[in-house]
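For reference, the structure discussed in these notes is given below.
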Amino acid sequence: MIETERKISGNMFDSQPLKGQHALVTGGSRGIGAAISNDLARLGADISLLARNAGTLNTQAEYLTSEFGVNVAVASADMAKEEDVQSAFAAVTEELGSVSILINNAGIAPSAPFHKMDMKLWENTIGLNLTGTFLCCKEVFGPMRDAGYGRIVNIASTVGLTSYPYIAAYTASKHGVVGLTRALAMEGARKGITVNAICPGYTDTDLVSGAIDNIVGKTGMDAGDVKSELASHNPMARLVTPEEVAETTAWLCLPSSASITGQSIVVAGGAVMN
């Protein structure tokens, strides 16, 4: 269990305020998830990485161990499947102990006009983005209550607060993640658990690169033009970087961020203001 004084005093000015904590990051092998795991390891936390690709998981794990000297566990899992989630959490907690920080980052963002959307797209998107977040929260919420401490950060999106055309399923899933965040924040408020959402705008990741390729394939547009169009949603006229999302996430995980809960923090250059 985390020492009481660390719960209260660990802050951004300590060299390793998360020393002794176990942080689990889903979708942690690349993009935003990898950047978040880097920052949490830099702050001293031991790290568990969950994703479907064992190769990228092991590569990121090796980097965290060599660069930051922390303990790292990995488990391959489909976060939309309850049995996968249960097995993965059991494996990493046996190795590193109870999870005190959970980052729900795994997600997909397929696009299609609503009248052409099929059930498979809908179910896959809701299954991973929303049900996966629910399943992972369910694994840690009880133990966090018992410990009297926990940090949960759900990586949502600006579309959890607004929307754009052709992403109805993605929008619905991320609105659900924001709603789940608020409900859990209320339940955890007197138990030492904070639950927040990060809402990035278009971020320079493989997910956005895939979306660009999808648009190019369907429209014949130039990839550079598509990227510029996405960047234009940001008043700063650029894509957000994974590191910007990661640093904001890490701040919410600090013991000293105890009064910040139920919030949806937008990292989007002013694209959405709330």
Qualifying positions in region 255-274 - in a loop (DSSP other than H, G, I, E, B), more than 21 Å from K19 (Cα to Cα) and either modelled with pLDDT of 95 or more or in contact with an Asp or Glu (Cβ under 8 Å, 6 or more places away or on another chain) (or both): T261, G262, Q263
Out of region 104-123, which residues are surrounded by fewer than 16 Cβ atoms within 10 Å (Cβ to Cβ) and either outside any loop (DSSP other than H, G, I, E, B) or small (G, A, S) (or both)? F114, H115, K116, M119, K120, E123
Pair list, Cβ < 7 Å and 6+ apart or interchain, from region 228-241 residues that are on the phi < 0 side of the Ramachandran plot to residues that are assigned to a loop (DSSP other than H, G, I, E, B) and basic (K, R): A231/R238
Mind listing just one residue for me: the one in region 153-190 that is of a type in the set (S, T, Y) and at pLDDT below 95 and, of those, surrounded by the fewest Cβ atoms within 10 Å (Cβ to Cβ)? Y164
If you check A197 against the conditions, is it of a type in the set (G, A, S), over 20 Å from S264 (Cβ atoms) and in contact (Cβ under 8 Å) with a residue 24 or more places away in the chain? no
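Per-residue answers, yes or no, for (1) within 25 Å of I215 (Cβ to Cβ); (2) assigned to a helix (DSSP H, G or I); (3) of a type outside the set (A, V, I, L, M); (4) in contact with a Gly (Cβ under 9 Å, 6 or more places away or on another chain):
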residue	(1), (2), (3), (4)
N129	yes, yes, yes, yes
C137	no, yes, yes, no
V140	no, yes, no, yes
P143	no, yes, yes, yes
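So that you can scan it fast, the table gives a plain yes or no per residue for (1) under 17 Å from the mean Cα position of the chain (by Cα); (2) surrounded by fewer than 17 Cβ atoms within 10 Å (Cβ to Cβ); (3) on the phi < 0 side of the Ramachandran plot; (4) part of a helix (DSSP H, G or I):
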| site | (1), (2), (3), (4) |
| --- | --- |
| S15 | no, yes, yes, no |
| L24 | yes, no, yes, no |
| I36 | yes, no, yes, yes |
| L49 | yes, no, yes, no |
| S66 | no, yes, yes, yes |
| A75 | yes, no, yes, no |
| D84 | no, no, yes, yes |
| E95 | no, yes, yes, yes |
| L102 | yes, no, yes, no |
Just give me the residues in region 142-181 being touching a residue at least 40 places away in the same chain (Cβ under 8 Å) and of a type in the set (G, A, S), in sequence order. A147, G148, G150, A156, S157, G160, A168, A169, A172, S173, G176
Looking at L207, L252, which one is out of contact with any Lys or Arg (no Cβ under 7 Å at 6 or more places or on another chain), assigned to a helix (DSSP H, G or I) and under 21 Å from G107 (Cβ atoms)? L207
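The values are calculated or read from the model by the stated rules, or taken from the named source; none is laboratory data. This is a predicted model, so every value here is computed, not measured. Methodologically, a virtual Cβ is constructed for each residue, glycine included, from the backbone with ideal geometry; neighbour enumeration extends over all protein chains shown.
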